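S.K.: Got a structure for you, written out below as structure tokens; questions coming shortly.
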Amino acid sequence: YRAIAYAAIESVAPEVPGNVGLSLAEVNHKALDLVREMKGAQLLDLALARQVEMHGGQVWIDGAPADLDDQLKAPGVGLGASLVGGVPEVRKLVSEITRRQINEFEGYALIDGRDIGHQVVPDAPLKLLLVVAPEVAAARSSEHTLEEIIARDTRDRARDYGQLKHPDDPGEGVLVQIGRAHV
């Protein structure tokens, strides 16, 4: 989702009104408004055109490994991932890529995601729901504020498809662990 969000932000950033003189972070955050307006087919076409894939457990964009800091963790990409992750066409593509990646591994694979256990690989032999308080997540994040994390989680729980599960209703066969770590 981060790779597709990055590609979407990059594609619309030149269209951000008044982008001259803004920092990359400011442009990217303003670009999210334009990404919100993109249709599922546009995002899917963009992901295919930019060759968003996974190989050997690593995300690739444009036929090369994605750069963690400059692409996948670029300003606005985390919020963008939540936005594009709510688009059924994008979720279908990412689920297919993830399943293909899982099948390349012999033995076991650890896959992290908000809907892995109930949507992507519901027949996984072990499914965990790890929960962290938004305050702890915000204190650990260099990307998101507390308000952004709460808004993202609220939005992701309200999705029709691929929603973030709640510890009170984690899904069938899911073990729940609520983090008690302090920052």
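The values are calculated or read from the model by the stated rules, or taken from the named source; none is laboratory data. Keep in mind that this is a model prediction, so the values were computed, not measured. No Cβ is skipped: glycine too gets one built from the backbone with ideal geometry, and neighbour counts run over all protein chains shown. The area values use the complete protein model at the heavy-atom level, side chains included, leaving out ligands, DNA and RNA. Shrake-Rupley method; radii C 1.70, N 1.55, O 1.52, S 1.80 Å.
S.K.: Show me the ranking of peptides 98-105, 78-85 by mean Cβ neighbours inside 10 Å, starting with the highest. All intermediate terms of the calculation are to be shown ahead of the outcome.
M.R.: Numbers: 98-105: 13.5, 78-85: 23.4.
Highest mean packing first, the order is 78-85, 98-105.
S.K.: Work out from phi, with θ = phi - 60° and the Karplus expression 6.51 cos²θ - 1.76 cosθ + 1.60, the ³J(HN,Hα) of each residue of region 108-117, listed in order in whole Hz, and give x for Gly and Pro.
M.R.: Those phi angles translate into 10, 10, 9, 10, 9, x, 6, 10, 4, x Hz.
S.K.: Give me the accessible area per residue for the chain, probe 1.4 Å, as a whole number in Å².
M.R.: Values: 10850 Å² over 183 residues.
I get 59 Å² per residue for this part.
S.K.: Rounded to the nearest 500 deg cm²/dmol, what is the calculated helix-only ellipticity per residue at 222 nm for the chain, with -39500 (n - 2.57) per DSSP H run of length n ≥ 4?
M.R.: -13000 deg cm²/dmol
S.K.: Could you tell me how many degrees, from 0 to 90 and to the nearest 10, lie between the Cα long axis of helix 40-49 and the main elongation axis, the longest principal axis, of the Cα atoms of the chain?
M.R.: 80 degrees
S.K.: Search the structure for amide H atoms under 5 Å from the amide H of L129, placed 1.01 Å from N in the peptide plane, and list their residues when 5 or more places away or on another chain.
M.R.: Counting only residues 5 or more places away or on other chains, the set is L175, V176, Q177.
S.K.: With a 1.4 Å probe and every protein chain left in place, tell me how much accessible area E15 has, in Å² to the nearest 10.
M.R.: Near enough 120 Å² of accessible area.
S.K.: How far apart, in nanometres, would the label points at K92 and L48 be if each is projected 7 angstrom from Cα along the Cα-to-Cβ direction?
M.R.: Using points 7 Å along Cα→Cβ, the separation is 1.1 nm.
S.K.: Can you give the charge dipole size of region 106-183 about its Cα centre, rounded to the nearest 20 debye, using +1 on the beta carbon of Lys and Arg and -1 on the beta carbon of Asp and Glu?
M.R.: 140 debye
S.K.: Let me ask you something else. Could you size up the charge dipole of the chain around its Cα centre, putting +1 on the beta carbon of Lys and Arg and -1 on that of Asp and Glu, and report it in debye to the nearest 20?
M.R.: Numbers: 19 positive and 28 negative charges, 57 e Å.
For this selection, approximately 280 debye.
S.K.: Could you tell me what percent of the accessible area of region 1-53 is made up of carbon and sulfur, with a 1.4 Å probe and every protein chain present?
M.R.: 56 percent
S.K.: Would you be so kind as to identify which of P17, P122, I61 lies farthest towards the positive end of the dipole of region 17-138, taking Lys and Arg as +1 and Asp and Glu as -1 on Cβ and the Cα centre as origin?
M.R.: Highest projection toward the positive end goes to P122.
S.K.: If you take the beta carbon distance between E37 and Q163 as r and set R0 to 25 Å, what does 1/(1 + (r/R0)^6) give as a FRET efficiency, to the nearest 0.05?
M.R.: Details: r = 22 Å, r/R0 = 0.89.
Efficiency at R0 = 25 Å is approximately 0.65.
S.K.: Sort the chain into rounded, prolate or oblate with this rule: let a ≥ b ≥ c be the square roots of the eigenvalues of the Cα gyration tensor; rounded if a/c is under 1.5, and if a/c is not under 1.5, prolate when a/b is larger than b/c, oblate otherwise.
M.R.: oblate
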